[in-house]
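Every read-out reported here was derived from the displayed coordinates using simple, explicitly stated rules and does not represent laboratory data. Just so it is clear, the structure is predicted and the values come from calculations on it, not from any experiment. Cβ placement follows ideal geometry from the backbone for every residue including glycine, while neighbour counts extend to all protein chains displayed.
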Amino acid sequence: MEANDNRSGGLLVWQWSLYRDGHRDRRNLAIHAATVPLFLAGTCALVLSPFAGVGLAVAGAVLMLATVAAQGRGHAVEAARPVAFRGPGDFAARFLVEQWVTFPRLVLSGGFAQAWRRARSEPHRA
């Protein structure tokens, strides 16, 4: 287990403590800004699908999977790599919390705007 995988404060505290370091590249920030709303819509569609039909479930799942793929590519350009997942349950918990809590918190706290401005002045990373 990695040193930065100590979650003694819980998932929300731990994820927030690492979040800014893993979201400094404008490409990744832009991908998150575009895909988090899609993931939220996909989650809502999946939850509502028992009342609205299988088509909504499929659409919701597609949006959620597209978000996972796009954000994976976004994180690949970051200097700070994400902590390895402990397993499928950890992946699901971390991803849901990131989309529903941590990224919106970054935006509402002004951290997104600050990271965007800072990225302009930093040298280009591969």
Somewhere in segment 41-62, is a residue under 18 Å from the mean Cα position of the chain (by Cα) and closer than 17 Å to residue 75 by Cα?
no
Looking only at segment 6-28, which residues are without any contact (Cβ under 8 Å) to a residue 12 or more places away in the chain and either buried (at least 18 other Cβ atoms within 10 Å of the Cβ) or on the phi > 0 side of the Ramachandran plot (or both)?
10, 14
